[in-house]
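Everything on this sheet refers to the single structure shown next.
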Amino acid sequence: MSMVAILSGAGISTDSGIPDYRGPNGMWTRDPGAERLVTYGPYMSDPEVRRRSWRMRRDGPGLDARPNAAHRAIAAFESSGHALRVITQNVDGLHQAAGVSERKVLELHGSARAVVCTACHARSSMAEAFARIDAGEDDPDCRACGGILKAATVMFGERLDPVVLGDAMSIAKAAEVFVVVGTSLQVQPAASLAGMAAEHGARLIIVNAEPTPYDPVADEIVREPIGTALPALLDRLR
Ligand code: ZN
């Protein structure tokens, strides 16, 4: 059976109340200073940056966000028995929350549902970090070694995990259908996966409100809202 790969970006989660930080009205576009809160160097060297970063995460939609119709349609596509892989630029965990198998989801930019120690690399849950913040800590440290904790996301100034990226490239090359959804394909190297898939013979379908640099090599472009367009598209692919 043909393998369908989906590359998702921020646009698939806006219906779940998660802002597109890089979009035209996004926080990092309107307030470049906010980008420091998720940039590795300042985060590691400045405790005030860390306090503001934790506060931003705690005040955001964070762990309360719920999957929407597009996430659910992808999960339903998998449970109907189709070969599916999801590559996501999102850190919200909503594909898995919708029911897509954990092992079918590659999180290029990590996960905001987990926390990692920058010294000993121990992982713990974001829920636990939030509980410590609610109890009065403003920059919780690693319980194992006292090191600086950060969200398990790829910050600006950090490299993507080469193993995860390698897996994503293999999927792009193997896919028969490669669906880009909710990303304007501006951020490399994630964006280049679309070109790679097309070069290796995949049918490239782009579902995004805005034009992307890969539109010229796409077989199909869908501009309708993701919440209705993606379920309809996946129905058709069945
Ligand atoms: Zn540690």
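Here is how the numbers come out for the structure above:
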{"quantity": "HN-Hα J in Hz across the range 170-183 - Karplus 6.51, -1.76, 1.60, θ = phi - 60°, x for Gly and Pro", "calculated": "4, 5, 4, 6, 8, 5, 8, 10, 10, 9, 9, 9, x, 9"}
{"quantity": "Antiparallel DSSP beta bridges within the range 68-195, as percent of all bridges there, nearest 5", "calculated": "75 percent"}
{"quantity": "Packing-based ranking, highest mean first, of 162-171, 91-100 given that Cβ atoms within 10 Å are counted", "calculated": "91-100, 162-171"}
{"quantity": "Dipole in debye (nearest 20) - the range 1-136, about Cα centre, beta carbon charges: Lys, Arg +1; Asp, Glu -1", "calculated": "160 debye"}
{"quantity": "Protection-proxy order for peptides 179-188, 38-47, each taking the mean of Cβ atoms within 10 Å per residue, highest first", "calculated": "179-188, 38-47"}
{"quantity": "Antiparallel bridge percentage (DSSP; both residues within the chain; nearest 5)", "calculated": "30 percent"}
{"quantity": "Assigned charges on the beta-carbon of Lys, Arg, Asp, Glu; the chain dipole about Cα centre (debye)", "calculated": "300 debye"}
{"quantity": "Estimated [θ] at 222 nm from DSSP helical runs (n ≥ 4, -39500 (n - 2.57)) normalised by residues in the chain, nearest 500", "calculated": "-10000 deg cm²/dmol"}
{"quantity": "Dipole magnitude of the range 120-238 about its Cα centre (Cβ charges: Lys, Arg +1; Asp, Glu -1), debye to nearest 20", "calculated": "280 debye"}
{"quantity": "Hz values of 3J(HN,Hα) by residue in the range 200-208 - Karplus curve (6.51, -1.76, 1.60), Gly and Pro given as x", "calculated": "8, x, 6, 6, 9, 10, 10, 10, 7"}
{"quantity": "Expected-Rg normalisation [2.2 N^0.38 Å, Cα atoms] applied to the range 15-116", "calculated": "1.22"}
{"quantity": "Gain in span if fully extended, Ala174 to Asp161, counting 0.36 nm per residue against the direct Cα distance", "calculated": "2.7 nm"}
{"quantity": "Theoretical FRET efficiency, 1/(1+(r/R0)^6), r = Cβ-Cβ of Ser45 and Asp138, R0 22 Å, to 0.05", "calculated": "0.85"}
{"quantity": "Using a Förster distance of 45 Å, the FRET efficiency for Ala127-Met3 (Cβ separation, nearest 0.05)", "calculated": "0.85"}
{"quantity": "Cut-off under 5 Å, modelled amide H: who pairs with Leu106 long-range", "calculated": "Val86, Ile87, Thr88"}
{"quantity": "Viscosity 1.002 mPa s, 20 °C: Kirkwood-radius Stokes-Einstein D of the range 92-238 over Cα pairs, µm²/s", "calculated": "123 µm²/s"}
{"quantity": "Separation in nanometres of the label points that stand 7 Å from Cα toward Cβ, at Glu102 and Met56", "calculated": "2.8 nm"}
{"quantity": "Signed unit charges on C-beta, dipole axis of the range 43-164, positive-most listed residue Cys142, Ala97, Ala75", "calculated": "Ala75"}
{"quantity": "Computed FRET value (nearest 0.05) for Glu220 with Arg66, which takes r as the C-beta separation and R₀ as 25 Å", "calculated": "0.30"}
{"quantity": "Burial ordering of His82, His109, fewest other beta-carbon atoms within 10 Å first", "calculated": "His82, His109"}
{"quantity": "Centroid-to-centroid separation of the range 86-122 and the range 39-63 [C-alpha atoms, Å]", "calculated": "18 Å"}
{"quantity": "Extension gain from Val187 to His200, taking 0.36 nm per residue of separation minus the Cα-Cα distance", "calculated": "2.6 nm"}
{"quantity": "Chymotrypsin sites (Phe, Trp or Tyr not before Pro) restricted to the range 104-184 and DSSP loop, no more than 15 other C-beta within 10 Å", "calculated": "none"}
{"quantity": "Peptides ranked, highest mean first, by Cβ atoms within 10 Å: ranges 144-155, 212-223", "calculated": "144-155, 212-223"}
{"quantity": "Contour minus Cα-Cα distance for Arg238 and Glu210 (0.36 nm per residue)", "calculated": "7.5 nm"}
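Read-outs throughout are calculated quantities, based only on the coordinates presented, and are distinct from any laboratory measurement. Bear in mind that the values here come from a model prediction, so they are computed numbers and not experimental data. Ideal geometry is used to build each Cβ from the backbone, glycine not excepted, and the neighbour counts take in all protein chains shown.
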